[in-house]
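Data block below; observations after.
Just so you know, all these numbers are worked out from the coordinates, no wet-lab data involved. What you are looking at is a predicted structure, and each value in this text was computed from that prediction instead of being measured. Here the Cβ positions follow ideal geometry from the backbone for every residue, glycine too, while neighbour counts run over all protein chains shown.
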Amino acid sequence: MTLVARTRRLDADVDLLDVAGDDGFVFEKGRAGLAGRGRALVLDWPAGDPAAAARAAAQGLAAIERDDPVAVPGTGPVAFAALPFVPGGPAALVVPELVVGRAEDGTRWVTTVTEDGAEHGADQDPPLAAPRTAGPQPTRYTVATDRPPEAWCDLVGRATKAMVAGAFAKVVLARQVDVTADRPLDRRAVLDRLRAAYPGCHLVAVGGFVAASPELLVSVTGDVVRSHPMAGTAPRGGDPTTDQRLAASLLASAKDHHEHQLTIDMVQDTLLGWCSYVDYEAEPSVVAVANVQHLATLVEGRLSHPAPSVLDLVAALHPTPAVAGWPRDDAVAWIGAHEGIDRGRYAGTAGWVDAAGNGTWAVSVRCAELDGPHARLWAGNGIVADSDPDTELAETRAKLQALLSVLVRP
């Protein structure tokens, strides 16, 4: 079977959430992004060797024939995925039958992927909006944590003792919350609320997985590579004076700076192997979302030629110390032995890649897995040797509120 991707410009605007429908794909930030639905091709991301999986997926995309007069990042065949937290865990990338894209400069396009000789191409104006099947909204909810708060604080205490003993420098520990509603949760309604509440975040939907992530793992546009690691968090209370004071304390915190620098150093050192140069901002900034604020530093470089696919960089970078810890292998092993939950795609990475290797991938935080009337969500904190369990617990509660506020709507 030979697949052909046909791309044409769009004159009219379209809401990307309308394109994705109830179970399609979305990756959007602000006015720019991509959405798709249907399955023209599934590219396996087999367990065990992320680098080999990235190469195989890139080859699968490159084998699709292209008719693409628009020729900007995101045109031609595009694959979406949400990869799991566990490095080398199994997953799949999906090339949708229909993709609609919108660039920062306002350029819009539609791509269809069909078998060679099929009658329906992108130039035949396929319907862009998917039909909606939503029923009545839920009115009753139950919310339960995976363990009592004091048990999670005990886990943090055990981690700090391990770090004092020299086991590792940082570990990220997560809490899990399950929500059950009296009716199926409406994914489109959840995405609409996430978009409204977190307009500066990456809005993600891959099947039942949804996220509003503030953190860019990696993007590739031509030969330019960017990452925007975040580590170190403070709450926001809605009062500007209080928020400014908390932001100043975050910028002055030695503990948060140390945690943040671990992630910056790992990202820079990893990208150096692919780049002619890499640099990062001299001082971190504070990125505020609805209920919390983070230390963040932009990292940017110029890729060497031949430039790698963004998938190669995803495989090399994920998971960063921001969601795992440092040294990475030691921290991941401790999480697997002690955390006691299945993170699934939480703290993984989600995004898209085109046949030229361009793409954008976010760190999968502020996320949930939706399954009928059930939703599972997580929040994690970076723990270092002098972390205070009660303070870390309060921070996870603030992070969990980001998803609870859009899922639980009485």
Within the chain, longest stretch free of exposed GluC sites (Glu not before Pro) [DSSP loop, at most 12 other beta carbons within 10 Å]: 120-410
Compactness of the stretch 306-410 as Cα Rg over 2.2 N^0.38 Å, two decimals: 1.25
Gaussian network model of the chain, springs between alpha carbon atoms under 10 Å - residue of Asn381, Asn358, Asn291 with greatest fluctuation: Asn291
Which of Val19, Val353, Val164, Val99 has the fewest Cβ neighbours within 10 Å, and the rest in rising order: Val164, Val19, Val353, Val99
For the chain, built as a Gaussian network whose Cα springs stay under 10 Å, the top-fluctuating residue of Ala333, Ala398, Ala169: Ala333
Estimated vicinal HN-Hα couplings, Hz - the stretch 281-295 in sequence order (Karplus 6.51, -1.76, 1.60; Gly, Pro = x): 4, 5, 10, x, 10, 9, 9, 9, 10, 4, 10, 9, 9, 10, 6
Alpha-carbon radius of gyration plus Dmax, which is the widest Cα pair, for the stretch 246-371 in Å: 16.0, 45
Alpha-carbon Rg with Dmax, taken over the stretch 1-52, Å: 14.7, 44
Calculated diffusion of the stretch 272-317, Stokes-Einstein form, Kirkwood radius summed over Cα pairs, 10 °C and 1.306 mPa s, µm²/s: 126
Built amide H within the under 5 Å cut-off of Ile383, gap 5+: Val171, Val172, Leu173
Burial ordering of Leu185, Leu83, fewest other beta-carbon atoms within 10 Å first: Leu185, Leu83
Most positive-pole-ward Cα, Gly351, Pro127, Leu17, against dipole of the chain from beta carbon charges: Leu17
Amide proton proximity set for Thr349, modelled H, under 5 Å, gap of 5+: Leu83, Ser364
Table column - 3J(HN,Hα) (Hz), the stretch 371-378, Karplus curve with 6.51, -1.76, 1.60, x for Gly and Pro: 8, x, x, 10, 9, 10, 9, 9
Bins of 10 Å, starting at 0 and running to the largest distance - Cα pair percent for the stretch 36-122: 17, 44, 29, 10, 0
Long-range lysine pairs (8 or more apart or interchain), the chain, Cα under 24 Å: 6
Per-residue Cβ neighbour rank within 10 angstrom, fewest leading, Asp386, Asp22: Asp386, Asp22
Gaussian network model of the chain, springs between alpha carbon atoms under 10 Å - residue of Gly48, Gly157, Gly357 with greatest fluctuation: Gly48
Scattering curve values for the stretch 77-170, log₁₀ I(q)/I(0), Debye with Cα scatterers, q = 0.16, 0.19, 0.26 Å⁻¹: -0.96, -1.09, -1.25
